[in-house]
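The values are calculated or read from the model by the stated rules, or taken from the named source; none is laboratory data. Small disclaimer: the values here were computed from a predicted structure and weren't measured. We place every Cβ from the backbone using ideal geometry, glycine too, and count neighbours over all the protein chains shown. For the accessible areas, the whole protein counts, side chains as well, though only heavy atoms, and no ligand, DNA or RNA atoms are used. Shrake-Rupley method; radii C 1.70, N 1.55, O 1.52, S 1.80 Å.
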Amino acid sequence: MRARALCLVALLVAVAIAPACSSSPSTVVVPPGGAGYGGRFVYPLRFEPLTLNFVTLSDQTSDYVARLVGDGLVDRDADLRLVPRLAESWDFTDGGRVLTLHLRGGVRFHDGAPFTSADVKYTYERVIDPKSRAIGRIDGFLPVERVETPDDLTVRVVYQHPYAPALAAWEVPILPRHLYEKDDFLTSRYNRAPVGTGPFRFVSWETGRRIVLASNPDYWGGRPFIDTFEFQLIPSQETTLQALLAGEIDYASLSPVQWKAHAQDPAFSRRFETVRYLPLFFLYIAWRGDGSTPYFADPRVRRAMTLALDRDGYVSTVLQGSGFVPDSVFHPAVLAPDPALPALHYDPVRTAALLDEAGWRIDPATGRRARAGVPFQFNLLIFSGSEDHVQFAQVAQESLRRLGIDMTIQRLDWPTLWSRLQKGDFQAAVSGLVAGVDPDDTAYGLLHSSQIKGGQNYAAFHDAQVDAWLEAGRRAVDPDERRSIYRLIDRRVAELQPYTFLFFPMTQAAMSRRVRDIRPSPRGIIAQYPGVLRLRVQ
Amino acid sequence: MIAFLLRRVVSALPALVGVTLVAFFVLNLLPSDPVQVWSGGSALSAEAAGRLRSELGVDRGPAARYAAWAVALLRGDLGHSLRDGRPVAFVIGDALPWSLALNLCAILAIYGVAVPYGLVGASSPGSATDRAGGWALLLLYAVPPFAAALILQQWVAVGLGWLPLQGVSAEGASLPGRVWDLLRHLALPTLCLALSGWAIVARYSRAAFRSVLGREFLSVVRAKGLSRLRAHLRLAANTAVPFVTLLATIVPGLVGGSIIVEQVFSLPGVGRLYLAAVEARDYPVVLALTLLSAVLVLAGHLLVDLLYLLVDPRIRTALLPERTDAI
């Protein structure tokens, strides 16, 4: 027993020494006299970033950190409007085929080296290099033909064809070429200790525990108000709330149950401000329309399905109003809602009429719908880990049962669900998607026929007209022209309903009242610019 | 002796290969590949997914990938994590110390309470202490770990503010300061792990002591003038065999993670790593962790075999009849 106790002491000592050796010394920033500067903001992360390499990262938490340490050429503000960041201005020429970006002068990386167009070109080259596995970045750069750097502060990007969504990809934070060039790109030490030009400098990353950033006093856009930006890894949602209550963190998103328990509590409201925003994530049902099932190849049946589902009722009762029901494929902040788009409200009478018209009539003997002896019964795949999937599916099952349709529900873990979607091995499935900030990001993947095999067009939707519009939307540089193209797509999709767009669930969160001057964008409170610079704590 | 050990080690090798084979093919039965899992909710075009798949080598068949993994392993290379590209040894090395520290604390807490209780209960069976203790431990055993964790957090950390709510760190100006900080962070998770362990080990040790305390030789040594306490302590050596058997489960348990406790207390241990790796279909990490626990299970058994030889002369003579004097 004594020997075992000695082992324990030795081990404890080893653990105690290890972090002290591995973490870099924290930078002490002396606050100047100015009011409002200083303090620490602590934000919880549920998942650990996989890498802090600006190019290879593909998950949201890595992206949060990268946006603070690095600067992209452009960014989006709290309303998702395009704003300049390292590029002061830009223009499209040659009918939208050439994008010229004019870079900000006098910008330096955190190690003091100057930022130039060579860094931009290097960043682009790393994204398109297959060895980089830049899963989250590559799509926006595939149409690029070449990148030229006529001088240190000008970048000219030549696309294979006019490419209107081009700027979305240039949100990628710019890598320091002089540091990465010396190393193997995938295993470089800067992947876990990034250097950028951004408002915060990287201080330390303690695996599984936290990532600490310190304000960059020499930031070209002015020094940020807070001194320390800390990300704490807290995998459990329950613990996150407890940590907020204990004052260990400044912000926590709340589950619907937690929101209900706390949002109305005066003692809670005295300490915390409640925050709600509509994120870019939405749920939809894909109806496999390639003829592999007898039901969903007919657009009338798909429309009937949408009209049979009481989406508004679900949002107002189950979600207690914290959600938004779209009829468009676009988030309202990505494409302003079209007043002329017909709303597909819950309407069992019209559903029945459409189904009758499509030949799916009620068999008087059984009371169930059938066509030519084939009963209308199908299987809906859902993700078992999401309350929204499970609850919505149950409500839908009951609505359809009353219309004479039998729907079975199959619950899957999400890798399996994705795999079945990808193979087209399903009849109908609930899935979710994080929409991009450019309308093309969402629409092209879901609707273009080239994305049926291996892409995200799970419904196997194939419409020559929509394909043509999607391609036109990529080429149209004029914002008004683009908007009208995407509105045309919306109307056609509303008619053909390859998907039923269910709802955007609202994010509900609580933020310490000592935090000031920030409001969430649809991408959250961190992923916005220049909002984070103005965040301050008392 | 050496020959005996060698025989045991060699006979364990096929089991190791078998374990990794099964783990590998079970992972491959899951109908998805890492690229699909990573792309998750984000838009990834057909072109990009295809490029990535061939770059990672997941477009090759499972047999080819297993062979490549096994060959690299023979050279001592566990490969690189598919998720973050770091060497697997580094990835596991980050999580292992925390799990080891937590599990050691938990084992000490469990045995430190349960073995004395077993001795007390066994020396006066049916007494009020014995029965009350038995009930209390059984009740604690019935509390689900996640509920215990949440209640402890609410009371001790948020309400009273005595201990840290979550996370783990070992910071401080001096070495004792760091150890103290680490112990404070590990206190609540250790307690959670100990709750269920206490009842089991207490029952076990009580039964072990009971089997010895009723024997006649105890009366003989008492009659010869040894005090009750000293007699009991001396006799404890005779109960060593069942405790040695328990070691076989403790050794692999040292690196096994407790997913729930690690999750609730934000501990970056092996349990969370395992779960994350399986979810991401990160084959190299999953295989290495499986291999590690298989090695430890086998090592545990080997250790037990050795200790049997030491603590029980009967086993020694049965196994090594020709040279009992060698040990």
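Residues of the stretch A:205-221 that are of a type in the set (Phe, Trp, Tyr), open to solvent by 20 Å² or more (accessible area, probe 1.4 Å) and away from chain B (no Cβ under 14 Å): A:220 alone.
Of all residues in the stretch A:420-449, those satisfying the criterion of being over 24 Å from residue A:301 (Cα atoms) and open to solvent by 20 Å² or more (accessible area, probe 1.4 Å) are A:434, A:441.
Quick check on residue B:275: is it under 17 Å from residue B:17 (Cβ atoms), at pLDDT 85 or above and in contact with a helix residue (DSSP H, G or I) (Cβ under 9 Å, 6 or more places away or on another chain)? Step through it out loud before you land on a result.
Working: under 17 Å from residue B:17 (Cβ atoms): no; at pLDDT 85 or above: yes; in contact with a helix residue (DSSP H, G or I) (Cβ under 9 Å, 6 or more places away or on another chain): yes.
So residue B:275 fails the test.
Screening A:78, A:113, A:35 for residues that are at pLDDT below 90 and more than 14 Å from every other protein chain (Cβ to nearest Cβ) leaves exactly one candidate, A:35.
Tell me yes or no: at least one residue of the stretch B:174-184 is assigned to a helix (DSSP H, G or I), open to solvent by 70 Å² or more (accessible area, probe 1.4 Å) and farther than 28 Å from residue B:94 by Cα. No, because not a single residue in the stretch B:174-184 is assigned to a helix (DSSP H, G or I), open to solvent by 70 Å² or more (accessible area, probe 1.4 Å) and farther than 28 Å from residue B:94 by Cα. Candidates A:376, A:383, A:324: the one that is within 28 Å of residue A:506 (Cβ to Cβ) and in contact (Cβ under 8 Å) with a residue 60 or more places away in the chain is A:324. Within the stretch A:137-182, the set of residues being within 13 Å of residue A:90 (Cβ to Cβ), away from chain B (no Cβ under 14 Å) and in a helix (DSSP H, G or I) comprises A:166, A:167. Examine the stretch A:450-459 for a residue that is open to solvent by less than 10 Å² (accessible area, probe 1.4 Å) and more than 13 Å from chain B (Cβ to nearest Cβ), and state whether such a residue exists. Yes, the conditions are met somewhere in the stretch A:450-459. Apart from one condition, residue A:324 fits all of (1) open to solvent by less than 50 Å² (accessible area, probe 1.4 Å); (2) over 29 Å from residue A:376 (Cβ atoms); (3) in contact with a His (Cβ under 9 Å, 6 or more places away or on another chain); the exception is (1). Among the residues making up the stretch A:107-135, those that are in a loop (DSSP other than H, G, I, E, B) and either over 19 Å from residue A:53 (Cα atoms) or open to solvent by less than 50 Å² (accessible area, probe 1.4 Å) (or both) are A:107, A:109, A:110, A:112, A:113, A:115, A:116, A:129, A:134, A:135. Does residue B:126 qualify as being out of contact with any Asp or Glu (no Cβ under 6 Å at 6 or more places or on another chain), within 13 Å of another protein chain (Cβ to nearest Cβ) and open to solvent by 40 Å² or more (accessible area, probe 1.4 Å)? Judged against the criteria, residue B:126 is not a match.
In the set A:104, A:46, which member is away from chain B (no Cβ under 14 Å), touching a strand residue (DSSP E or B) at 6+ places or on another chain (Cβ under 9 Å) and open to solvent by 10 Å² or more (accessible area, probe 1.4 Å)? Steps first, please.
On the way: A:46 fails: away from chain B (no Cβ under 14 Å).
It is A:104.
Of all residues in the stretch A:428-471, those being without any contact (Cβ under 8 Å) to a residue 12 or more places away in the chain and within 18 Å of the chain's Cα centre (by Cα) number 1. Looking at A:403, A:417, just one residue is under 21 Å from the mean Cα position of the chain (by Cα) and either crowded, with 16+ Cβ neighbours inside 10 Å or in contact (Cβ under 8 Å) with a residue 40 or more places away in the chain (or both), and that residue is A:417. A search for C-beta distances below 9 Å between a residue of the stretch A:98-125 that is farther than 19 Å from residue A:75 by Cβ and any residue that is assigned to a strand (DSSP E or B) and open to solvent by less than 30 Å² (accessible area, probe 1.4 Å), counting only pairs 6+ apart in sequence or on different chains, returns A:98/A:157; A:98/A:158; A:98/A:159; A:116/A:103; A:121/A:147; A:121/A:155; A:125/A:147.
Just one of (1) under 30 Å from residue B:160 (Cβ atoms); (2) more than 14 Å from every other protein chain (Cβ to nearest Cβ); (3) not charged (D, E, K, R) fails for residue A:244. It is (2).
Cβ-Cβ distances below 7 Å connect the following pairs, each with a first residue in the stretch A:475-490 that is open to solvent by less than 30 Å² (accessible area, probe 1.4 Å), a second residue that is of a type in the set (S, T, N, Q), and a separation of six or more residues or different chains: A:490/A:328. Restricting the stretch A:294-310 to residues that are touching a strand residue (DSSP E or B) at 6+ places or on another chain (Cβ under 8 Å) and open to solvent by 10 Å² or more (accessible area, probe 1.4 Å), the residue that is modelled with the lowest pLDDT is A:294.
Among the listed residues A:258, A:232, identify the single one that is over 28 Å from residue A:124 (Cα atoms), touching a Lys or Arg at 6+ places or on another chain (Cβ under 8 Å), outside any loop (DSSP other than H, G, I, E, B) and within 13 Å of chain B (Cβ to nearest Cβ). The match here is A:232.
Within the stretch A:271-279, the presence of at least one residue that is within 30 Å of residue A:204 (Cβ to Cβ), in contact with a helix residue (DSSP H, G or I) (Cβ under 8 Å, 6 or more places away or on another chain), crowded, with 23+ Cβ neighbours inside 10 Å and modelled with pLDDT of 90 or more is confirmed. Tell me which residues, restricted to the stretch B:247-275, are within 13 Å of chain A (Cβ to nearest Cβ), hydrophobic (A, V, I, L, M, F, W, C) and either without any contact (Cβ under 8 Å) to a residue 60 or more places away in the chain or more than 27 Å from residue B:66 (Cβ to Cβ) (or both). The answer is B:247, B:250, B:251, B:254, B:259, B:260, B:261, B:264, B:265, B:267, B:275.
Only one of the numbered conditions (1) within 13 Å of chain B (Cβ to nearest Cβ); (2) over 13 Å from residue A:509 (Cα atoms); (3) β-branched (Val, Ile, Thr) is not met by residue A:249, and that is (2). Per the conditions (1) of a type outside the set (D, E, K, R); (2) within 14 Å of chain B (Cβ to nearest Cβ); (3) open to solvent by 60 Å² or more (accessible area, probe 1.4 Å); (4) part of a loop (DSSP other than H, G, I, E, B), the sole criterion not satisfied by residue A:264 is (2). Remark: pairs (first residue in the stretch A:513-538, part of a loop (DSSP other than H, G, I, E, B); second residue among the polar types (S, T, N, Q); Cβ separation under 6 Å; 6+ apart in sequence or on different chains) = A:514/A:538; A:528/A:521.
Yes or no, residue by residue, for (1) charged (D, E, K, R); (2) assigned to a strand (DSSP E or B); (3) closer than 16 Å to residue A:305 by Cα:
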{"position": "A:352", "(1), (2), (3)": "no, no, yes"}
{"position": "A:364", "(1), (2), (3)": "no, no, no"}
{"position": "A:367", "(1), (2), (3)": "no, no, no"}
{"position": "A:382", "(1), (2), (3)": "no, yes, no"}
{"position": "A:394", "(1), (2), (3)": "no, no, yes"}
{"position": "A:397", "(1), (2), (3)": "no, no, yes"}
{"position": "A:407", "(1), (2), (3)": "no, yes, yes"}
{"position": "A:410", "(1), (2), (3)": "no, yes, no"}
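Every residue, every condition in (1) within 9 Å of chain A (Cβ to nearest Cβ); (2) at pLDDT below 80; (3) open to solvent by 40 Å² or more (accessible area, probe 1.4 Å); (4) part of a helix (DSSP H, G or I), yes or no:
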| site | (1), (2), (3), (4) |
| --- | --- |
| B:16 | no, no, no, yes |
| B:22 | no, no, yes, yes |
| B:44 | yes, yes, no, no |
| B:116 | no, no, yes, yes |
